[in-house]
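Below is one structure; the comments refer to it alone.
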């Protein structure tokens, strides 16, 4: 019996030893392959999941795509999600299986909690000189938290950006302001008066009923369109669902501010006046875009990126007078529009390398190449001799190519220029200069002027300015926000704060439309019920806990 046990023990030992040797051989082989792969530009495929849609993906077969593949040896195999990634990323975390790279948008916390992302700190230090150069002192902002200073996500926000155009405000058709003799557009009263007068004068446009204002409430899009307009109109900056006190850094759910009650009461009034689109809270995004593209919607309250397809459609169809200009309209002159207040470098959304990536060195080198001067110029300007020329030492875009850039909706897909590859890595923003003293991007005051339609130039001249930006309070009128953009602050998954935030957002999605559509006499009753529901949902606890996160972020970034 003892002999049997001894033999059995030897057999087990032999088996374990053989497995260990095999595993060691496999790991050594993998390490050798990774080392060989990382040492050059041998062909490699990297899978990537992007939580955002991309109809312009060109499978790296465009001129720019081919150059990137040639320079790095990397072919990307992407999956783009039209639903924001929440469901698919949750499934990944549950299964423990991930692509090599991932662009999670607002779902990074889920991945970090699942230990799905690797710390990029050492990889950046050892293999990414271009990333280090680009981020500079802002590299400190990439740290995950005070408790965990790892870098899991490389922000893909523009670096050193100068913003030449307003991204948010009240969008008003050019023909409205032209026809009315360029009235002042400073307050909601100014804006309402103009819309009401124009609708009365032109009850139909191209045989269809004129709509004064259309809002969007399709799924998550209710936030940037309908809900966020509340803080823009009342002197707040974009911090997601919270208003952050600039002095104390205390967080308040922005709907709980008295000024926003007055703003949403005004929307209720617009509905009562028949100036609000009756389909605002039932239309889908594609229906909304089609309606804007028809030219019969006089105004919107939506970010420029949300209406860009409609703007392009109006431009392509020659309806230049039906395109929208952005105006810094607020509740009253007491408030300033904060569109151009800087949050500093924005972090939180970007790209990470997962634990399933077999060659993270090769992956970081690929991302580092995208941050190089060569790639930055190429993804913005294109290929020399094909998309731009060098004239007297300067990059110049020929007129026919610029015409394509401005008007051909397939330009990005056919060339690879633009956001196709910039979405996967940080990028220099508009106005940032390269070593030759030229801007990395093509955007400049002169370029913007040249891209304006004759109608836009006429409208701007009517207001005595050169750019729509000139109508807004400028960046130097505000302090840089030391907490960045609060919507980027990571909230612990499964925490009370996460649950409270979801509850209050669900309430806002339901109660705000109810308040807007209520009879004016019932508005206070509906709004007060909304405020009571927020208290029951734990909003005060949520504000207290989010305040701590904001203050910790300020402390972390100031180290």
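Hey, does region 25-44 have a residue that's modelled with pLDDT of 90 or more, surrounded by 17 or more Cβ atoms within 10 Å (Cβ to Cβ) and outside any helix (DSSP H, G or I)? Even if it seems obvious, please write down each step before you answer.
If we filter region 25-44 for residues that are modelled with pLDDT of 90 or more, which is where we start, we get 42-44.
Right, trim to surrounded by 17 or more Cβ atoms within 10 Å (Cβ to Cβ) and you get 44.
Next, from what is left, pick out any that are outside any helix (DSSP H, G or I): 44.
Yes.
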Within region 54-64, how many residues are surrounded by fewer than 20 Cβ atoms within 10 Å (Cβ to Cβ) and not in a loop (DSSP other than H, G, I, E, B)?
1
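Matching residues to (1) closer than 23 Å to residue 239 by Cβ; (2) under 28 Å from the mean Cα position of the chain (by Cα); (3) free of Cβ contacts under 8 Å to residues at least 60 places away in the same chain; (4) outside any loop (DSSP other than H, G, I, E, B):
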position: 450; (1), (2), (3), (4): no, yes, yes, yes
position: 483; (1), (2), (3), (4): yes, yes, no, no
position: 510; (1), (2), (3), (4): yes, yes, yes, yes
position: 525; (1), (2), (3), (4): no, no, yes, yes
position: 531; (1), (2), (3), (4): yes, no, no, yes
position: 535; (1), (2), (3), (4): yes, no, yes, yes
Apart from one, (1) surrounded by 19 or more Cβ atoms within 10 Å (Cβ to Cβ); (2) modelled with pLDDT of 95 or more; (3) part of a helix (DSSP H, G or I) all hold for residue 417; the odd one out is (3)
Which one of 287, 309, 283 is touching a strand residue (DSSP E or B) at 6+ places or on another chain (Cβ under 9 Å), assigned by TED's automatic domain parsing to the domain that holds residue 196 and over 30 Å from residue 545 (Cβ atoms)?
283
Just checking, how many residues over region 40-65 are in contact (Cβ under 8 Å) with a residue 40 or more places away in the chain and out of contact with any strand residue (DSSP E or B) (no Cβ under 7 Å at 6 or more places or on another chain)?
7
So if I check each of 235, 274, which one is under 23 Å from the mean Cα position of the chain (by Cα), farther than 15 Å from residue 515 by Cα and either at pLDDT 95 or above or not assigned by TED's automatic domain parsing to the domain that holds residue 547 (or both)?
235
Odd one out for residue 400 among (1) within 25 Å of the chain's Cα centre (by Cα); (2) over 23 Å from residue 130 (Cα atoms)
(1)
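Which residue out of 148, 119 is modelled with pLDDT of 95 or more and under 30 Å from residue 548 (Cβ atoms)? I'd like the intermediate steps shown before the answer.
Values: 148 fails: modelled with pLDDT of 95 or more.
Exactly one residue qualifies, and that residue is 119.
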Within the bounds of region 474-481, is there any residue that is touching a residue at least 40 places away in the same chain (Cβ under 8 Å), in a helix (DSSP H, G or I) and buried (at least 19 other Cβ atoms within 10 Å of the Cβ)?
no
When the residues of region 70-124 are filtered to those that are within 21 Å of the chain's Cα centre (by Cα) and assigned to a loop (DSSP other than H, G, I, E, B), which remaining residue is surrounded by the most Cβ atoms within 10 Å (Cβ to Cβ)?
104
When you go through (1) buried (at least 18 other Cβ atoms within 10 Å of the Cβ); (2) out of contact with any helix residue (DSSP H, G or I) (no Cβ under 9 Å at 6 or more places or on another chain) one by one for residue 513, which number turns out not to apply?
(2)
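The values are calculated or read from the model by the stated rules, or taken from the named source; none is laboratory data. Keep in mind the model is a prediction, meaning the values are calculated, not measured. All Cβ positions, even for glycine, are placed from backbone atoms using ideal geometry, and neighbour counts span all protein chains on display.
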